[in-house]
1. Taking residue 215, is it among the acidic types (Asp, Glu), farther than 21 Å from residue 355 by Cβ and out of contact with any Phe, Trp or Tyr (no Cβ under 8 Å at 6 or more places or on another chain)?
2. Among the residues of region 226-240, what is the count of those that are in a loop (DSSP other than H, G, I, E, B) and more than 14 Å from residue 181 (Cβ to Cβ)?
3. Inspect all residues belonging to region 206-225 and state whether any of them is over 17 Å from the mean Cα position of the chain (by Cα), among the hydroxyl-bearing types (Ser, Thr, Tyr), assigned to a loop (DSSP other than H, G, I, E, B) and more than 19 Å from residue 85 (Cα to Cα).
4. Quick check, is residue 92 surrounded by fewer than 15 Cβ atoms within 10 Å (Cβ to Cβ), closer than 14 Å to residue 194 by Cβ and more than 16 Å from the chain's Cα centre (by Cα)?
5. Can you find, within region 52-89, the residue that is nearest to the chain's Cα centre (by Cα) among those that are charged (D, E, K, R) and in a loop (DSSP other than H, G, I, E, B)?
6. Considering only region 154-163, I want to know if a residue exists there that is more than 19 Å from residue 238 (Cβ to Cβ), surrounded by 19 or more Cβ atoms within 10 Å (Cβ to Cβ) and of a type in the set (Ser, Thr, Tyr).
7. Do the conditions hold for residue 39, that is, is it within 28 Å of residue 93 (Cα to Cα), assigned to a loop (DSSP other than H, G, I, E, B), among the small types (Gly, Ala, Ser) and touching a strand residue (DSSP E or B) at 6+ places or on another chain (Cβ under 6 Å)?
8. Taking region 260-282 as the region of interest, how many residues are buried (at least 18 other Cβ atoms within 10 Å of the Cβ) and in contact with a helix residue (DSSP H, G or I) (Cβ under 7 Å, 6 or more places away or on another chain)?
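The values are calculated or read from the model by the stated rules, or taken from the named source; none is laboratory data. Small disclaimer: the values here were computed from a predicted structure and weren't measured. So basically every Cβ, Gly included, is an ideal-geometry build from the backbone, and we count neighbours across all protein chains shown.
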Amino acid sequence: MRVVVVGAGMGGLVLAHGLAANGIEVRVHERDARAADTGGYRLHLGPDACAALRHAVPAAVYQAVVASSAGAAGFRQFSMFDHRLRLLTSLATEPGENLLIGRVALRSLLADSLPTTTRFSSEFTTFSRSGKQITAHFADGTADDCDLLVGADGVRSRVVRQLAGRRLARALPERGFAGQAEWDDVASGMPEELLSGPAFVIGPDGVAMFLSAHDPSSSDIDPVAVGAPAQPATVLWGVISHDDVDVDAVARWAPWVRVLLDRTPAGAVTRFPFHAVDPAADLTPWQAGRVTALGDAVHAMPPTGGQGAGTAIRDAWLLASSLAAADVDTIPLAVRDYQRGMADYAAAAVRESLQPLRWRRAVSSPVGFGAVRVAAAVSSAVRALRRAAPSTAGR
C-alpha cells in the first residue's frame, strides 16, 4: 500500500508517522519551503489529541513534544474578563493531559523526524484516476502515484475542492489579528489568572480578545535532557472583530492591554479571516474511495475553540489505524470507517469553536454589553467579600 499526503501540517505529518509505524509506504508533499514557514503561534492539544499523538509518533518524538510544551500548571482554568480586565468567571479545564506548544516547534519536531518522507516546495495542483490508481500532480510538472491520496491541505484544500466539487467551509463575518510579546516585557501588571490558563476578554462594539501566557520553561520534562530546542516565554493575544478594528481603541481598554499591544513587534502581528463548516452538514460529501481528507480540509473551524490542530491529529491517528487493518483492495472500506468515526467528534469540535463567537455577537449590542458590565460589578463584589471573610483553612 502506498499513500500520498498533500500538506505537511500537524494532521498530515502525524498521519505519515502513524502509517510509517505500521509499515505503510507514505510520501508527504508540502508547498512551503521548510517546516518553520508557518503562520500562527501556539496550539492546544487536549487529552484525546495527546493520546492520538502519543500512539502515532515514536516515544522520543513525543518526549520532545512534551519537553517543548508549557507545563500543566499553565492550563488549569479558562477565564473570562470584561474589557477593563475585571474577572467575570473562571472555569476548570478538561482533566487529563493537555499540551500547549508553539506551532513552529511542533511542526518542526514532526517533520524533522520524517527526513526522507516529506518533500517541501512541492505544490499540489490536481489528481487523476486510472482504475485503482490515483496520481497526484504538482506545479513543477512532477507526479506521484498512490493507492490512496489524502488531502491535509487546509481550509482552501485543492484535494477537497476537486473531490467534492466545491469548498466545504464558508467565510465567517468575524476576522482576527494576533501577535505575541516577550514575557518579561509585559509581566508587570499581567492578570494573575493568565498564569493558570488562557482568557477571553469581552469588549464593547462586538470586539473580543484572547489572551494566553506561554512559558515552555515550565515544561514537565527538561528540554536540555532530551535535546529539544529551547523556546522563549511569550504572552499571546488575538483580537476578534466583525471588521477592521481600531487597534488604539482596544489599547484603551486597560493599561496592561496597551502595554501588551505596544510591546508587540509589528512584524509579529498577523491578520487572518475566520472560516467554518456547517457542523450539521455532511463533512465528507463524497463516496468513500481512494481519495479522502482530514483536518481543516474537512472540518474548518475558527481558532476560538483551540481545537483545530488537535482534531486534525485525532483524524490522522484514526485514519492510520483504519488503514493498518486494511490491504490495498479494502482501502475504500477503511476510508469509510474513518470518515464515519471522524464525523461525530469533528462536528462537536466545530460547534464548540463557534461558541465564543456567539458570545461576542450576544454582547455586541448596548444591552448585551451592559449586562457584561453588571456581571463584572457583581463578580468583583463577591470576590471582595470572599477576601474579607475570615478563613479557618489550614487551622
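1. For residue 215, the condition - among the acidic types (Asp, Glu), farther than 21 Å from residue 355 by Cβ and out of contact with any Phe, Trp or Tyr (no Cβ under 8 Å at 6 or more places or on another chain) - is not met.
2. Within region 226-240, residues that are in a loop (DSSP other than H, G, I, E, B) and more than 14 Å from residue 181 (Cβ to Cβ) number 5.
3. Checked against the condition, which is being over 17 Å from the mean Cα position of the chain (by Cα), among the hydroxyl-bearing types (Ser, Thr, Tyr), assigned to a loop (DSSP other than H, G, I, E, B) and more than 19 Å from residue 85 (Cα to Cα), region 206-225 yields at least one hit.
4. no
5. If we take residues in region 52-89 being charged (D, E, K, R) and in a loop (DSSP other than H, G, I, E, B), then 76 is nearest to the chain's Cα centre (by Cα).
6. Checked against the condition, which is being more than 19 Å from residue 238 (Cβ to Cβ), surrounded by 19 or more Cβ atoms within 10 Å (Cβ to Cβ) and of a type in the set (Ser, Thr, Tyr), region 154-163 yields at least one hit.
7. Yes, satisfied.
8. Total satisfying the criteria: 5.
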